[in-house]
Structures are given as structure tokens and as C-alpha cells.
Amino acid sequence: KLTMHTVEVEKVEYQAEKFKNVIVGKILEVKPHPNADRLRLALVDINKEKLEIVCGAPNIKPGQFVPVALVGAILPNGMEIKPAEIRGIKSNGMLCAEDELGLGEGHEGIMILEKAKIGQSFSDYLKLNDVVFEVDNKSITHRADLWSHYGMARDISAFLNTKFKVYAPKPAILKAKKITFRFKAKVEDFSLCPRYMAVGLENIKIAPSPKWLQERLAAAGMRAINNIVDVTNYVMLELGQPLHAFDKNFIDHIIVRQAKSGEAIKTLDGVERKLEPDMLVIADITKPVAVAGVMGGANSEINNQTASIIIESANFNFDSVRKTAQKLGLRTEASMRFEKGLDPNLCELGLIRAVELILEICPGARVAGNLADEKRYKLNQGLIDLNLMWLNKFIGYEFTAKEVKRILEKLGFLVKAAGNGFKVTIPSWRAVHDVSLPEDLAEEVARIYGYNNLKSELPKIALTPPLVIPEKVLIRKIKNILSMGAGLSEVYNYSFLNANRLEKLKFGQTIKLANPLSEDLTDLRPSLIPGILENIKTNQASESEITIYEIGSVFFEKEGEIKKDDSGKENLPLQEKRLALALAGDAPDDLFRKLKGVIEFLLKSLNLEATFEFEATEYNKFASAKIMAEGNDIGRVAELEKNVRQNFGIKKLTAIAEISLPKLLNLVKNSPVKQYVEPPKYPAVSRDLAFVVNEKVLYNNIVKEIKNFNDLIRQVDLFDVYQAGKLGDGKKSLAFHIIYQADKTLTSEEVDEIQGGLVKHLKKKFEAKVRDF
């Protein structure tokens, strides 16, 4: 029922199961171990039989009742009890200390029981008939009120339709009959701390908490520390309001302020933490004594000599606590609750409950300090107009007004009839970040009634085709072409990187993250190439060939820097989707031209014509080119130079490419639809020509000249590139298939005439010579 109505229950744990095969025994006799000075033999009566158990504890003696773990028992600390022979004597079980049973930290001796029965199960002795429900965190992430047993009980009473016991304490308990000490409390910014309450108590004696309190904390997964700290933790779990107790000797002036530059604090976990100016702290006149909403400071913690305390109950800005906890790497039970946006009214309820418990479990304690209550907040509690006809149509079920009123009132809403529906007041514990719309109220009604109780009906709506997003369609098409057609593997990388790795790649300035995930992920990536190169480095040892691609966003600055405009909104960095491709291998194959072929295949599959404008570089004269589609520059393809590969730890030869998806999408959208073209009526004439030119002459320039020389030249394809040998230094040979086509049958003489003119033109333009060897 809890899963179906409120939260997802991941686990149900019966407390008695923790002590299966642990029973109460009575020690009948204790004698020395014959083979060990520090060990003794205890004869223990467990009712059904008498066991001889080897024990090293100094505090056992005849007549004591003790917990006995029988063979087969698995203790809460994970220890499994097996038959054992210790120094030649067989031991049939184990006498248990507190820490071995998960009931404390004591290990100096065996746990001695009072008013126990021989053979009684240990769980019965402890009266452990409780059940623990382990709730999934994501189920309650938007429900601050469910971060407490009190809030959970309210929901359970609603769907079970049982009476909910409202906790209504008397505020008078916070007022001292006689004030013996005073302290001041000041809030500098109420937007960061809407409410701050504190009260002082004296005649405090630090001691262990009562057993019932320790057992409840242990069942909820918390370790008992001492009576004061345990009360603050107990109230936090019970009511959802985090509290903190200061030793009065270390603080008499409380200031809630933002940290100053250079300040630091040693928190209760013993770690020295540097504070940043936007972090909220609790401070005295000179120094911080707690990180607000996260953790207290070691300089004001409760200790065994504490006699007077100040209990704090505050409400802190959820955003401030979240950022502070994340920056400090310190997420606590308190910070998780504050992050959800707590009800400021809960401060008083939590403080009264804490004082009530302290006065109950700490004899002689009394309220002796003044009550501080600094507040400035306003909650939006409605009214919400809830129309019954709209509600029934929205949910698809005919609720009666009586049913709706009962459900909402069970959850704490104030409901008044108005016209065809109600005017609903939101309870303060649901008004911070939870309920604000009629749709929210509809959800409350439906879930408490039970979604499984609603009759299932197919929706009566007109079917409309889904929204087509051209970018997503293109990305899906590209993935199919590259993965299935070209045989490449897709990779995914983080959008963050370390800027120091980009120096050799010359990508320009990166955008630094204000709150990086780690030291290695400090900047937004300006390119997909660094991630692709890291993939090659990671896999090069196990793969002879690597063929990969990635589609993702890159980020770069707009107008110089990221800053806030006049309205206070951030001028966010520009984002662009890109496609990166890479081929890597050990063999000295021409990876650059292979990758160029993959790009040509991709663009051809997208009905685009690909060309490349080669750019000579110092390290590889024909290993870098612009990628052109329909005459538009859409990216770059290059062979990675040796020193860059070494900088990235890459041992394989590597070719890389990066293409702008917005540019590619624009070309795909505007490309003409493929139509049937009638085959030429007359045959084409094909001639092969090889030209020897200076190695600095670019392929694209020659191709353009050939194509533009005569209208009868319909197609030009490069099929061979050759250097060295008889050509001499600084020369290269480019061989082309040239296709001639006309609206008649061309004669050899006509083609020879055009070809002769072409040879002369290229000789004049590029000093090209026809290769005849």
C-alpha cells in the first residue's frame, strides 16, 4: 500500500531477523582454560541443553544472564558463528559484547542482561517486534515533508483512512522561568535564512541516551553518541527538522552570515575546510562555528564537560545549502533535508520537541536562556480553486465532493466548499516547493484514492503524428550510415575535459566550470576531438584497428565572456552539435584517404556532393583538408601529426575529422529531392591523363580547371597520386579519369582536340606536363 500510494519501498526488514539464533543463556560455571592464561571456560544453560563456551571476557561470572550466539548465527556485524576448537577445547557458540550485536561500541566485556529468561530469544528480550521500511530516495525528492516519520505517518493515515495523531506541543516550554544566561542572535540576510530560532538550557549532564532512544536511532541507521546529540538526530528523523546543539561555553553571540574570504572551519568530522564567500555560516563575533545546514564546527561541539547548551532550529535557503554541500563535498542528513525546501514553521515544532525530550531524559535540566526567534518569510498557501467537474474529467473518475474533501483534509489541507468545487488552503509543509496548482491537488486525490482503483479506459482523443525534429532525424540517419554502412563504432564522452590537454591541438580558450565534478573535468569541451583521442589511447593496446565516431555538443564563448545582463539572466555559452570521426591503426595505410572515403560515403548517402580543399601543412603536406558539401565549408579532416599523438599517449597512426551538424542539417534540408534522370542517348568517351606538377599545387585547383575548361567535360575522377622515383624532388603525379559527353556521338578527333587544348591550358596555368613514363 505504501508503494502504491506514497513512496517506493525497496526493502522490508524485520528487526528480529538480525538476532536469529541468538538466545539468552545463564552462566552456571566459570573455570580457567587449561591451555591459555587469558581464556576461560563458561558452562552456559540455554534451557534445552548446557553448552561449554570458550570466552576471553574478564567480566563473566556464574549467575549472569548473557546473549549467546549459537552455531549458525550471523551477527549484525557480519560475523558467522561456526563450530570452533580454541587451544584444544571445543567451543559451542559465542558470548556476545555490545558492538558484536550492533547495540553500541562497548567491547570491554560481555553484555550482561537483566530480568531475562533462560532460552528466551534475544530479539524478544529486546522487544524487537519492529519493522523497518527502506524507502527509495527518488520517491521523496520533491516531498520535504516525507523526510520524516511524522510526515510519512500523515500520508499513511490518509490512504488507510485512520486517525492521525497530530503533534501539538505547548510553546510555553521554551520560556525560562528564570533566565540565568543570555545570548544574541542576528540574521544578516533573511533570503538565505528565513527563520532562526535558538534557546538555552543548563544543568545538562552528558550521558548515554535511554535504550529506547538508542534502539530507534539504530533502527533508522544512526549511531547513538550521547543524550544531547541523539535528541537532535531523533527530532530530525521524527519531524524532519535538522537541529544543532552548541556548547554554551564556546558561543554567546550568534550571527548568521556569509563566509568571509579566507575563512576556514574544522567540522565535526575532523576535516579542516576552506570556506568561500557565498557559503552561509553560523558564527560568533570572531569565527564560524558551523556551516549552516550542513555540519557543525569542532570548536563548539558538545563534550563530556558540557553543562550548558544552546539548541539551534533554523530554516536555510535550499539553493544555498545545496551549493555549499556540493562544493565542500559534504552531504549530510541535515543538508539533504534543507535541500528539499523545509517549512519555516517547522523550526518551532522541532525546537519544542527537542527541549521536551531533553527535559525528559536529562534529569535536572531546565530552560535557562532566552529564546531567539529571528524571522522574515511569507508562504504562498493559496487559495486554490478546485472545480469538481474539472477534477473528475482530469482524472477520469467520478469522485464525490465528500470523497475529495476527506482525502485533502486527511493530508492537512483546509477545504471549504465554493460553487461547483472548493477553495483549498495549502498546509505550510506542502507550500514551499510542492503544491501550488489544481493539478497538484488532483494528483493528491488520485494517489490517495489509489491509481490501481481507477478504472482503465482508452483515451478518446484524435491521433496526431508525433512532432518531427529534423536534427534528431538527421542524427539517427547518420548513425545508421556510419554504424551499419561504414562499420564504425559509436562512442560517448563527457562534455567536460581538462584544458591542459588541448595546448597542442590549438582549440582556443575553453570555458571553465564554476563547480567542476573533479580536477580532471574542469572545462566545457570546445571540440569532440580530445574525447575521441582519449578513446583511442584507452583502446589501442587491445585493438589493432580503431574506427569510431561521436555525436555531441561543444561549447564556446559568446562575445568574449559569460556574464549577467541587465535583467540578471546569464549570457550562456553557445552550443553546437558536431560529428567527430577517427581511424587509427598500426599498418602504414593511408588512413587520411580512408577517412576521406568514409566522409564521402556519408555525404553521398545524405544526397550531398563532397569535395575537399587540401591545405598543406609543415608536418604533412597533403594530410589536412576542408570538408566541402555542395560548395559549403562544413568541417575539417586531417592526419594527426606525430608530436600531438605523443602528447596524448597515442602510438597508432591516426586520422581525425570534425563536422558541424547545423551546417550539415541546413544543406540536407535544402538539398533537392532525387529525381529520375534519363540516361544519355549517346556514348561517353573516357580518357586517362597523368600530369606531373609541383608538389605544392593543390588537387582541387587542378580539378576545377579541368571541369571548367570545356562544357563537354562532364566528370573528373582522381585515381592515382605518385611521388619520388623518376619524378624528382618537389614533384608529384596526379592521374585522372576524364569523361567527355555530348548530345551526339563524339569522334576521336573532337576529343583529341579538346584534350590537346586542356594540356596546353594546364601547362600555362600550373606548369603541368603530361607524364609519359
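The values are calculated or read from the model by the stated rules, or taken from the named source; none is laboratory data. Quick caveat: nothing in here was measured; it's all calculated off a predicted structure. Here the Cβ is made from the backbone with ideal geometry for all residues, glycine too, and neighbour counts use every protein chain on show. Calculation scope for accessible area: heavy atoms of the full protein, side chains included, ligands and nucleic acids excluded. Shrake-Rupley method; radii C 1.70, N 1.55, O 1.52, S 1.80 Å.
Once you place label points 7 Å from the Cα toward the Cβ at residue 178 and residue 772, how far apart are they in nm?
Going by the 7 Å Cα→Cβ label model, 12.6 nm.
Which three extents, in whole angstrom, do the alpha-carbon atoms of the chain cover along their principal axes, largest first?
The principal-axis extents, from largest down, are 123, 87, 62 Å.
Can you list residues whose amide H is under 5 Å from residue 33's amide H, if they're 5+ apart or on another chain and H is modeled 1.01 Å from N?
Amide H to amide H, under 5 Å and 5 or more residues apart or across chains, residue 33 pairs with 39, 40, 41.
Given Cβ point charges of +1 (Lys, Arg) and -1 (Asp, Glu) and nothing else, what value in debye, to the nearest 20, does the dipole of the range 62-194 about its Cα centre take?
The calculated dipole for the range 62-194 is roughly 1040 debye.
Going by average Cβ neighbours within 10 Å, how do the peptides 56-62, 165-171 rank, with the highest at the top?
56-62, 165-171
How high is the FRET efficiency from residue 124 to residue 160, r the C-beta distance, R0 22 Å, rounded to 0.05?
The calculated FRET efficiency here is 0.20.
Normalised by the number of residues in the range 619-753, what is the relative contact order in percent for Cα pairs under 8 Å and 6+ residues apart?
Relative contact order of the range 619-753: 21 percent.
So how exposed is residue 244, as accessible area in Å² (1.4 Å probe, rounded to 10)?
Taking all protein chains as shown, residue 244 has close to 30 Å².
In deg cm²/dmol, rounded to 500, what helix-only [θ] at 222 nm does the chain give when every DSSP H run of at least 4 residues adds -39500 (n - 2.57) and the total is split over its residues?
Helices in the chain give a 222 nm mean residue ellipticity of -7000 deg cm²/dmol.
For the chain, what is the charge dipole size about the Cα centre, in debye to the nearest 20, if Lys and Arg each add +1 at the Cβ and Asp and Glu each add -1 at the Cβ?
In total the dipole reaches around 1200 debye.
Can you list the HN-Hα couplings for the range 75-90, worked out from phi with the Karplus curve (6.51, -1.76, 1.60; θ = phi - 60°), rounded to whole Hz and with x for Gly and Pro?
In residue order, the calculated couplings are 6, x, 7, x, 6, 9, 8, 10, x, 9, 10, 10, 6, x, 10, 6 Hz.
Need the C-alpha centroid separation for the range 627-694 versus the range 710-759, integer Å.
21 Å
Let me check the size of the range 671-771 from its C-alpha atoms; what are the radius of gyration and Dmax in Å?
Looking at the range 671-771, its Cα Rg and Dmax stand at 15.4, 48 Å.
Could you let me know the centre-to-centre spacing of the range 365-418 and the range 1-60, using Cα atoms, in angstrom?
Comparing the Cα centres of the range 365-418 and the range 1-60, I get a distance of 50 Å.
With a cut-off of 18 Å, note down the residues of the range 573-608 whose backbone N falls inside the zone around a label point 7 Å from the Cα of residue 673 toward its beta carbon.
Only 606-608 fall inside the zone, counting backbone N under 18 Å.
List the residue ranges in the chain for DSSP H helices whose C-alpha atoms run 18 angstrom or more along the long axis and whose Kyte-Doolittle average is -1.0 or above.
Counting only whole DSSP H runs, the qualifying helices are 346-361, 591-605, 748-766.
I'd like the GluC sites (Glu not before Pro) in the range 417-461 restricted to DSSP loop residues with at most 10 other Cβ atoms within 10 Å, sorted by number.
Passing sites in the range 417-461 are 457.
How about the range 648-716: which chymotrypsin sites (Phe, Trp or Tyr not before Pro) there lie in a loop by DSSP and see at most 11 other Cβ atoms within 10 Å?
Those satisfying the criteria are 676.
Set the Förster radius R0 to 60 Å, insert the Cβ-Cβ distance between residue 744 and residue 646 as r into 1/(1 + (r/R0)^6), and round the FRET efficiency to 0.05.
0.50
Work out the count of Lys pairs in the range 625-681 where the Cα-Cα distance is under 29 Å, with the pair 8 or more places apart or on different chains.
Count of close lysine pairs: 9.
Using Cα pairs under 8 angstrom and six or more residues apart, how large is the relative contact order of the chain, in percent?
The value is 8 percent.
Tell me, what is the per residue accessible area of the chain in Å², probe radius 1.4 Å?
Here the residues of the chain average 54 Å² of exposed surface.
Relative contact order for the range 447-527: what is it in percent, counting Cα pairs under 8 Å that are at least 6 residues apart?
Relative contact order for the range 447-527 comes out at 22 percent.
Search the structure for amide H atoms under 5 Å from the amide H of residue 653, placed 1.01 Å from N in the peptide plane, and list their residues when 5 or more places away or on another chain.
Amide H neighbours of residue 653, under 5 Å, 5+ apart: 585.
Ignoring ligands, DNA and RNA, what percent of the 1.4 Å accessible area of the range 151-227 is carbon and sulfur?
55 percent
Pull out the extension gain between residue 715 and residue 132, defined as 0.36 nm times the separation in residues minus the alpha carbon to alpha carbon distance; nm, one decimal.
202.0 nm
Give the cross-link partners of residue 165 among the aspartates and glutamates, using a straight C-alpha distance below 20 Å as the criterion and excluding same-chain residues fewer than 8 apart.
List returned: 130, 145, 155, 238, 343, 348, 356, 409.
Name the residue from 675, 690, 660 whose Cα lies farthest towards the positive end of the charge dipole of the range 648-702, charges +1 on Cβ of Lys and Arg and -1 on Cβ of Asp and Glu.
Sorting the options by dipole projection puts first 660.
At a Förster distance of 56 Å, what's the computed FRET efficiency of residue 359 paired with residue 394, Cβ-Cβ distance as r, to 0.05?
0.70
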